[in-house]
Amino acid sequence: VVNWGALLTYPLIPFLYGRWTAHAVPLNQALVCLMLGSVVVTNAGALIALHLNGINSLRIVLSASVARAVLGLGGGALGFRQFGLGSFGLGILAGELAATLMTGRHFVRHELAEKGTKMRWAALGPVVLGTGSALLFFVGAGFGWWSTGWNWLLALTGVAVASAWGWMMLDLDMRTRVMDLTTRLIRR
């Protein structure tokens with residue numbers, strides 16, 4: 001849902017930002033794109049981070065926070081002369097990538113292993129495809145490698161395929177529960 005939201009609202013951002021600031025502050029395209037990429041990456045590891053916070057796994061939570069801060073501020077400061085504000089977006093993105101990888105690795109090696117559960121690596125396919133499609137688009141758009149057009153549609157296609165793939169991987173009971181919950185929310 002976050003990948004869909006980030007990609008679908010992306011074309012509206014210049015218009016909305018211009019209205020909000022009355023065109024007094026120019027939009028930094030690199031910063032916006034890299035921050036959207038950071039949101040997409042953060043979302044990919046959000047449930048793991050929530051679980052680790054919930055069980056007070058303070059060592060890994062603190063390590064991830066330090067990585068975010070050091071890479072976000074350090075990367076921004078180091079690259080500011082060359083990339084301007086976009087360097088802070090790149091640093092924040094690097095921090096989120098590092099934190100997501102750190103918490104994911106810890107979760108698999110400690111939380112799952114301690115419970116005797118094996119990681120089904122195929123289950124990561126939809127997450128990697130959906131997050132990767134959106135992230136690749138935002139990084140490319142942030143650095144000016146491509147425009148919104150076909151690359152945006154390609155990213156949306158990747159997210160759509162990942163959504164369908166992930167949905168099909170859910171067992172029937174889980175799909176039924178999600179549909180019932182969605183139906184109840186819509187009827188309110």
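Tabulated data for the structure shown
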| quantity | calculated |
| --- | --- |
| Residue within segment 11-29 that is in a helix (DSSP H, G or I), among the small types (Gly, Ala, Ser) and in contact (Cβ under 8 Å) with a residue 24 or more places away in the chain present | no |
| Residue in segment 70-85 that is more than 17 Å from Gly104 (Cβ to Cβ), in a loop (DSSP other than H, G, I, E, B) and polar (S, T, N, Q) present | no |
| Check on Leu34, farther than 18 Å from Gly166 by Cα and either more than 21 Å from the chain's Cα centre (by Cα) or buried (at least 19 other Cβ atoms within 10 Å of the Cβ) (or both) | yes |
| Criterion violated by Val40 - all others in (1) at pLDDT below 95; (2) surrounded by 15 or more Cβ atoms within 10 Å (Cβ to Cβ); (3) under 25 Å from Val127 (Cα atoms) satisfied | (1) |
| Residue list for segment 6-30, filter: open to solvent by 30 Å² or more (accessible area, probe 1.4 Å) and under 15 Å from the mean Cα position of the chain (by Cα) | Leu8, Thr9 |
| Condition check for Ser63: of a type in the set (S, T, N, Q), free of Cβ contacts under 8 Å to residues at least 24 places away in the same chain, part of a helix (DSSP H, G or I) and surrounded by 13 or more Cβ atoms within 10 Å (Cβ to Cβ) | no |
| Hey, Leu156 touching a residue at least 24 places away in the same chain (Cβ under 8 Å) and under 25 Å from Ala122 (Cα atoms) or not | yes |
| Residue within segment 16-33 that is at pLDDT 90 or above, within 23 Å of Ala155 (Cβ to Cβ) and among the aromatic types (Phe, Trp, Tyr) present | yes |
| Residue within segment 73-90 that is within 14 Å of the chain's Cα centre (by Cα) and under 30 Å from Pro26 (Cβ atoms) present | yes |
| Every residue from segment 43-60 that is under 21 Å from the mean Cα position of the chain (by Cα) and open to solvent by 80 Å² or more (accessible area, probe 1.4 Å) | Leu47, Leu50, Asn53 |
| Qualifying residue in segment 98-115 (condition: aliphatic (A, V, I, L, M) and open to solvent by 80 Å² or more (accessible area, probe 1.4 Å)) | yes |
| Test for Trp145: is it open to solvent by 60 Å² or more (accessible area, probe 1.4 Å) and more than 24 Å from Glu96 (Cα to Cα) | no |
| Answer from Leu135, Leu129, Leu185, Leu154 - the residue that is touching a helix residue (DSSP H, G or I) at 6+ places or on another chain (Cβ under 8 Å), open to solvent by 80 Å² or more (accessible area, probe 1.4 Å) and in a helix (DSSP H, G or I) | Leu154 |
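The values are calculated or read from the model by the stated rules, or taken from the named source; none is laboratory data. Keep in mind it's a predicted model, so treat the numbers as computed, not measured. Neighbour counts are summed over all protein chains in view; Cβ atoms, including those assigned to glycine, are modelled from backbone coordinates with ideal geometry. Only protein heavy atoms, including side chains, enter the accessible area calculation; ligands, DNA and RNA are left aside. Shrake-Rupley method; radii C 1.70, N 1.55, O 1.52, S 1.80 Å.
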